[in-house]
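The values are calculated or read from the model by the stated rules, or taken from the named source; none is laboratory data. Predicted model, so just to flag it, every value in this text is computed and none were measured. Using ideal geometry, Cβ is built from the backbone for each residue, glycine included, and neighbour counts are taken over all protein chains shown. Keep in mind that these areas ignore ligands, DNA and RNA; they rest on the heavy atoms of the full protein, side chains included. Shrake-Rupley method; radii C 1.70, N 1.55, O 1.52, S 1.80 Å.
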Amino acid sequence: MEWKVQLRDSLLAKASPEESRYLQQAEQLVLSDYKSNFNKVYLPLSRKLTPQTKETIISIASSEDHPLIINQWTVLRLARVWMLSLINDEPKEYKSFIDKLFEYADVQELTALYSALNIFRYPELWIERCQIGIRSNIGPVQQAIIEHNKYPAQNLNEDAWNQMVLKAFFTEKDIPYIYGLLARDNDQLQASIVDYIYERDSAQREIHPLLWLLAKDNLPPRAVGILTERLNKSMKADERYISEQVSLQNAQRTMNTEEMVSKSSEELLENYLNLRNVYRTK
């Protein structure tokens, strides 16, 4: 698999000669007999990599056919995920072994395990594990599932997906980096988002601009009124952009304007991110 080669090459490029030898020896041991050797080489990883190496931040260019989105990972996290990718067995034995890793993992190890969901074999076996992680109160674990992870979009059913997206808003995750956010938008999610908008407005709290984006095609009059009212208040440029565009599209839709040329949700999200990046660097 090309992505495995890419992971391995990227990892070894960041390692010292001594660390590289250890990783390659570990690879051979896991491939020869993972049940006997995996924990022997996996658990000491944090000690076998120097502090400088293991805390080095790495991102790897991805593509649609790459199962992972490696964005701002530590080398230690990458090493753990790569080593997990070496395990292979029949479903029962495979799941039993991986489940034990989850059971005894510390927070950093859990983060790597959940980051690896989309490279685990037999993807249908990990749906419940994914949902357990989403429901957890461990921030790094939630982040590893919700942000930059293809597994939820490709494997969760609609109800579980909707719960994850709402949890992402509740826990203030970086919403634009939910893989499949727009592709898996649906009527039930939009209805729940509208209810959430009402709750936020009643409590006089901020309303995340991407709530408007996700629900823009099904905004009731009350929600439109809230949006209009919010536009009369001060807000950041990136937030105002989304709010104004959603308001404009809603007005055009109400007037049945045949010559309406609206930006797609994908365009709006991309422009929002560009504006946000500019705003954050000021």
Candidate set from the range 110-147 (those that are of a type outside the set (A, V, I, L, M, F, W, C), within 15 Å of the chain's Cα centre (by Cα) and open to solvent by 40 Å² or more (accessible area, probe 1.4 Å)); member that is nearest to residue 70 (Cα to Cα):
143
Where in the range 64-168 are there helices (runs of 4 or more DSSP H), lying wholly inside it, with at least 2 residues that are charged (D, E, K, R)?
75-84, 91-104, 127-135
The range 47-63: number of residues that are surrounded by fewer than 21 Cβ atoms within 10 Å (Cβ to Cβ) and assigned to a loop (DSSP other than H, G, I, E, B)
8
Whichever residue in the range 256-282 is at pLDDT below 80 and closer than 20 Å to residue 215 by Cβ and, among such residues, is nearest to the chain's Cα centre (by Cα):
262
Has the range 172-188 got any residue that is in a helix (DSSP H, G or I), at pLDDT 95 or above, closer than 19 Å to residue 153 by Cβ and open to solvent by less than 50 Å² (accessible area, probe 1.4 Å)?
yes
Selection from the range 1-25 of residues within 12 Å of residue 58 (Cβ to Cβ) and open to solvent by 90 Å² or more (accessible area, probe 1.4 Å) yields 14
For residues that are charged (D, E, K, R) and in contact with an Asp or Glu (Cβ under 9 Å, 6 or more places away or on another chain), tally how many sit in the range 59-76.
1
